[in-house]
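K.L.:
I am attaching a structure below and will ask some questions about it afterwards.
FYI, it's all coordinate maths here, none of it is from the lab. Everything quoted here is computed from the prediction, not taken from an experiment. Note that each Cβ is placed from the backbone with ideal geometry, even for glycine, and that neighbours are counted across all protein chains shown.
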């Protein structure tokens, strides 16, 4: 007999499938990273690959990784511009709502046309001046 802990561990071991075409999607605090780094994080469960992704990967393709659902999203270019994603790459995040318009079956990645979004930019080095 399987325990709840065993079932939960099994569920966390496998990433969620991409949202099907036409499904409404809402992501809060999605990590903006390179595709290669997102695929690695989803496969291994190691989230360090997301924030330590080399800038060269951003030049190839940027995606959003939803840490809670372990899903990778491509963002449609109608509403969110590349420079906005670049401002969050390597330590910022994006919150968005939209609808899935396409699914890449090979890598299990959904493309989302965003209806509304907000970007939290990567903090500048030395920006934190709190009490240590």
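K.L.:
Multiply the residue separation of residue 113 and residue 69 by 0.36 nm, subtract the distance between their alpha-carbon atoms, and state the gained length in nm to one decimal.
P.N.:
That pair, residue 113 and residue 69, stretches by 14.0 nm at full extension.
K.L.:
So, in nm, how far is label residue 23 from label residue 81 when the simple model puts each one 7 Å beyond its Cα toward the Cβ?
P.N.:
3.2
K.L.:
Given an 8 Å cut-off on Cα distances and at least 6 residues of separation, report the relative contact order of region 18-120 as a percent.
P.N.:
Rounded, it is 36 percent for region 18-120.
K.L.:
Let me ask you something else. Where Rh is the Kirkwood radius over the Cα pairs of region 30-84, the temperature 10 °C and the viscosity 1.306 mPa s, what D in µm²/s does Stokes-Einstein return?
P.N.:
Using the Kirkwood radius from Cα pairs, D works out to 142 µm²/s.
K.L.:
Separation between the residue 56 and residue 106 pseudo-spin-labels, each 7 Å from Cα along Cα→Cβ, expressed in nm?
P.N.:
Result: 2.1 nm between the two label points.
K.L.:
Does region 18-120 classify as rounded, prolate or oblate by the C-alpha gyration tensor (a ≥ b ≥ c root eigenvalues; a/c under 1.5 gives rounded; else a/b over b/c gives prolate, otherwise oblate)?
P.N.:
Taking the square roots of the gyration eigenvalues as a ≥ b ≥ c, region 18-120 is oblate.
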